[in-house]
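Following: one structure in structure tokens, then a few remarks.
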Amino acid sequence: MELVMYVGFDMIDTIRLNTEKITEPGYVGSLKRELMQKHASQMQYLSVEPEFLIVQSVSQA
């Protein structure tokens, strides 16, 4: 599973999730903050807030 950061229709970044930790309070929130900090310079010029989705990873053969 991955946490995906979108702004509008553009995917900005992803982070692989530890499925055993998803139910722990604050785990997903800390990853969202990490992505926000990583892309802070890009976010300051946008008029929309980013969206976050949790998606099942697609295995590549």
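The values are calculated or read from the model by the stated rules, or taken from the named source; none is laboratory data. All figures in this text were calculated on a predicted structure; none of them were measured in a lab. Neighbour counts run over all protein chains shown; Cβ positions are idealised from the backbone, glycine included. To get the accessible areas, we keep the full protein, side chains included, count just its heavy atoms, and leave off ligands, DNA and RNA. Shrake-Rupley method; radii C 1.70, N 1.55, O 1.52, S 1.80 Å.
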Quiz prompt | Neighbour count of at most 13 Cβ within 10 Å plus DSSP loop: longest chymotrypsin sites (Phe, Trp or Tyr not before Pro)-free window in the chain | solution = 10-44
Exercise. Starting from the amide H of Asp13, placed 1.01 Å from N in the peptide plane, find each other amide H under 5 Å away whose residue is 5 or more places distant or on another chain.
Key: Met5
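If a/c stays under 1.5 just call it rounded; otherwise compare a/b with b/c (prolate if a/b is bigger, oblate if not). Do that for the chain, with a ≥ b ≥ c from the square roots of the Cα gyration tensor eigenvalues. Write down the numbers at each step before the final one.
On the way: a/c = 2.44, a/b = 1.42, b/c = 1.72.
Oblate, since a/c reaches 1.5 and b/c is not below a/b.
Kindly sort Val7, Val48, Val55 by accessible area of their heavy atoms, largest first, with the probe set to 1.4 Å.
Per-residue accessible area, sorted high to low, gives Val48, Val55, Val7.
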Quiz item: Tilt of helix 27-38 relative to the longest C-alpha principal axis of the chain, in degrees (0 to 90, nearest 10)?
Solution: 40 degrees
Practice problem: Calculate what fraction, in whole %, of the accessible area of the chain sits on carbon and sulfur atoms when a 1.4 Å probe is rolled over the protein chains. | Solution: 51 percent
Self-check item: Label point distance in nm, Gln56-Thr14, each placed 7 Å from Cα along Cα→Cβ
Solution: 1.4 nm
Practice problem: For the stretch 2-55, report the accessible area per residue in Å² (1.4 Å probe, heavy atoms, rounded to an integer). | Solution: 74 Å²
